[in-house]
Amino acid sequence: MTYELPKLPYAYDSLEPYIDAKTMEIHHSKHHAAYTEKFNAAIKDAKIEETPIEYIFKRVSKYPAAVRNNGGGYYNHNFYWLSMGPKAGGEPSGKLLEAIKKDFGSFDKFKEEFSAAGLNRFGSGWTWLISSGGKLKVASTPNQDNPLMDIAEAKGTPLLCMDVWEHAYYLKYQNKRADYIANFWNVINWKEVENRLAKD
Ligand code: MN
């Protein structure tokens, strides 16, 4: 096995009441585990087990769909778990807050744009805050695509992501994706997002 399902840095129930323990458990131990297993099989089939994942994403259009779908599923969920945390939420600070104000006008304007992108994603996909050419942007990807992939509409360095697949919220919120999105703001680990920007 080249890639392994990462352990979560917090318990399944620690994002309650915003994201329930059952959803977290199934999402991590079933969905993410399946993407990880299938990604390992896909890179073995394509003989790219030694290729760094970022490099695979940069030329993902040249590989079989199983590499794109399961590689995205493996990577995006890792990124999503670390984008969240217990006793989180609120507002970012420092350079990240400054950059958000510069590029979106205000934190509330950013929140509106990010939430709308999540709500308007038709079917399954992801919402992102990315850094691209020194600017912060909101991006939206279908299925398990991400902004590191050559096929992405908006490419850049991912800073924050939100899973808007039904499996991310259906047990607790059913069809009410807007309610899941409204509550997602309570679990964002801004320290992690700030660190990602600092490294960009
Ligand atoms: Mn998911």
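When each of GLU50, GLU25 is scored by the number of other beta-carbon atoms lying within 10 Å, the sequence from fewest to most is GLU50, GLU25. Listed by chain and number, the aspartates and glutamates whose C-alpha is less than 20 Å from the C-alpha of LYS58, apart from same-chain residues fewer than 8 away, are ASP45, GLU49, GLU50, ASP145, ASP150, GLU153, ASP200. Each of ILE26, ILE181 was scored by other Cβ atoms within 10 Å of its Cβ. Arranged with the fewest first, they read ILE26, ILE181. Computed over the chain with a Gaussian network model linking Cα atoms closer than 10 Å, the most mobile of SER131, SER106, SER115 is SER106. The Cα atoms of segment 124-166 give a gyration tensor whose axes a ≥ b ≥ c have a/c of 1.5 or more with a/b no greater than b/c, which makes the shape oblate. For ASP103, the shell of other residues with beta-carbons less than 11 Å away shows a net charge of +3, using +1 for Lys and Arg and -1 for Asp and Glu. At what distance in angstrom do the alpha carbon centres of segment 106-123 and segment 40-66 lie from each other? Cα centroid of segment 106-123 versus Cα centroid of segment 40-66: 31 Å apart. Panel order for MET24, MET84, by other beta carbons found within 10 Å of each beta carbon, from fewest to most: MET24, MET84.
Bridgeable aspartates and glutamates around LYS109 (alpha carbons under 14 Å apart, same-chain partners fewer than 8 residues away excluded): GLU91, GLU98. Pairwise inverse Cα distances across the chain, averaged and inverted, put the Kirkwood hydrodynamic radius at 17.2 Å. Between ASN195 and GLU50, the contour length at 0.36 nm per residue exceeds the Cα-Cα span by 49.4 nm.
No lab work stands behind these numbers, since they all come straight from the coordinates. Remember, predicted model here, so these are calculated numbers, not experimental data. Note that we place each Cβ from the backbone using ideal geometry, even for glycine, and neighbour counts take in every protein chain shown.
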